[in-house]
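The values are calculated or read from the model by the stated rules, or taken from the named source; none is laboratory data. Quick caveat, the model's predicted, so the values are computed rather than measured. Using ideal geometry, Cβ is built from the backbone for each residue, glycine included, and neighbour counts are taken over all protein chains shown.
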């Protein structure tokens, strides 16, 4: 009996300390698309749109441009002409990224073609490539968004619809109502394996408690139903049996209560989500992110152009 209680307690502790089972976001980096027949400003703008889409979907940790440049500068790495897989792998290792996106923005006549390859840093090879065509510069935003969708689904292995479902903001009502059932609230908050562990412990404790209480009732009835003519030794045996069953029933109810209380302690202090915010996103609502690009047009005038992009999460 003591062994059973000890095992249940150990299992519970392991389940409640289950944040270590939480999946980490994949770290990815987007290298500036190489301009071919277009200005650096346009190529940089397309790069920013793709990077913003990767951030917005909320399932990746995207290395920011400034952070990327700072790390590469510290390592003395020159990004000029870095378009092949071998170079991308080197950059990926320096940035601790699992996936690197490299590509080109190419102008063919009036048409602009965006080509991007996903390089797996660990394998050292490009495992996916995609392209989108824009009829002109005005159509670049739509083309880059369509390309981002392909890249995101390929990297994550999930459809856009599935990713959007995961990003649904969490509500207090939804969380606390689900928390009535141990583990369900944790799963709703995104702690899937912790929730499964807590629910499993609760179900096991409930089953044990139910059996112990029924067994106590059965053994007490057997004692109460003994004929008065029964030997004294039989009275003593039946009495000891139902007393032990009673102790076991009390212990099982105590374990069940402890499981439920510990579940609520976890739900209130350890697993509570940020209500009203996208749980998988790395950025908060209302935050504004700026990106500055400077470049020279390849045309005859050789005009210097600077663009400032801003992204805000709502």
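Could you please let me know if residue 251 is touching a residue at least 40 places away in the same chain (Cβ under 8 Å) and within 26 Å of residue 182 (Cβ to Cβ)? Working first, answer last.
Values: touching a residue at least 40 places away in the same chain (Cβ under 8 Å): yes; within 26 Å of residue 182 (Cβ to Cβ): yes.
Considered against the rule, which asks whether it is touching a residue at least 40 places away in the same chain (Cβ under 8 Å) and within 26 Å of residue 182 (Cβ to Cβ), residue 251 comes out as yes.
Report yes if some residue within the range 197-212 is more than 51 Å from the chain's Cα centre (by Cα) and more than 30 Å from residue 276 (Cβ to Cβ); otherwise report no.
To start, the set of residues in the range 197-212 that are more than 51 Å from the chain's Cα centre (by Cα) comprises none.
No, the conditions are met nowhere in the range 197-212.
Looking only at residues in the range 171-187 that are touching a helix residue (DSSP H, G or I) at 6+ places or on another chain (Cβ under 7 Å) and assigned to a loop (DSSP other than H, G, I, E, B), which one is surrounded by the fewest Cβ atoms within 10 Å (Cβ to Cβ)?
My answer is 179.
Confirm whether residue 74 is within 29 Å of the chain's Cα centre (by Cα) and assigned by TED's automatic domain parsing to the domain that holds residue 105.
Values: within 29 Å of the chain's Cα centre (by Cα): no; assigned by TED's automatic domain parsing to the domain that holds residue 105: yes.
In short, no.
Just one of (1) part of a loop (DSSP other than H, G, I, E, B); (2) modelled with pLDDT of 90 or more trips up residue 83, so point out which.
(2)
Is it true that some residue in the range 180-195 is at pLDDT 95 or above, under 40 Å from the mean Cα position of the chain (by Cα) and more than 30 Å from residue 271 (Cα to Cα)?
No.
From the list 142, 137, which one is modelled with pLDDT of 90 or more, loosely packed, with under 14 Cβ neighbours inside 10 Å and either in the same structural domain as residue 98 (by TED's automatic domain parsing) or more than 29 Å from the chain's Cα centre (by Cα) (or both)?
The match here is 142.
Can residue 97 be described as surrounded by 14 or more Cβ atoms within 10 Å (Cβ to Cβ) and either closer than 20 Å to residue 39 by Cα or touching a helix residue (DSSP H, G or I) at 6+ places or on another chain (Cβ under 7 Å) (or both)?
no
Take residue 123 and decide whether it is crowded, with 16+ Cβ neighbours inside 10 Å and either modelled with pLDDT under 90 or in the same structural domain as residue 41 (by TED's automatic domain parsing) (or both). So that I can check it myself, show each step before the final result.
Values: crowded, with 16+ Cβ neighbours inside 10 Å: no; either modelled with pLDDT under 90 or in the same structural domain as residue 41 (by TED's automatic domain parsing) (or both): yes.
No: the conditions fail for residue 123.
Checking residue 161 against (1) outside the structural domain of residue 39 (by TED's automatic domain parsing); (2) assigned to a helix (DSSP H, G or I); (3) out of contact with any helix residue (DSSP H, G or I) (no Cβ under 6 Å at 6 or more places or on another chain): exactly one of these is not met. Which one?
The single condition residue 161 does not satisfy is (1).
Quick test of your reading of the structure: residue 43 fulfils all but one of (1) surrounded by fewer than 22 Cβ atoms within 10 Å (Cβ to Cβ); (2) in a helix (DSSP H, G or I); (3) at pLDDT 85 or above. Name the failing condition by number.
Checking residue 43 against (1) surrounded by fewer than 22 Cβ atoms within 10 Å (Cβ to Cβ); (2) in a helix (DSSP H, G or I); (3) at pLDDT 85 or above, the one that fails is (1).
Can you tell me which residue among 105, 111, 115 is over 24 Å from the mean Cα position of the chain (by Cα) and buried (at least 19 other Cβ atoms within 10 Å of the Cβ)?
So the residue among 105, 111, 115 that is over 24 Å from the mean Cα position of the chain (by Cα) and buried (at least 19 other Cβ atoms within 10 Å of the Cβ) is 105.
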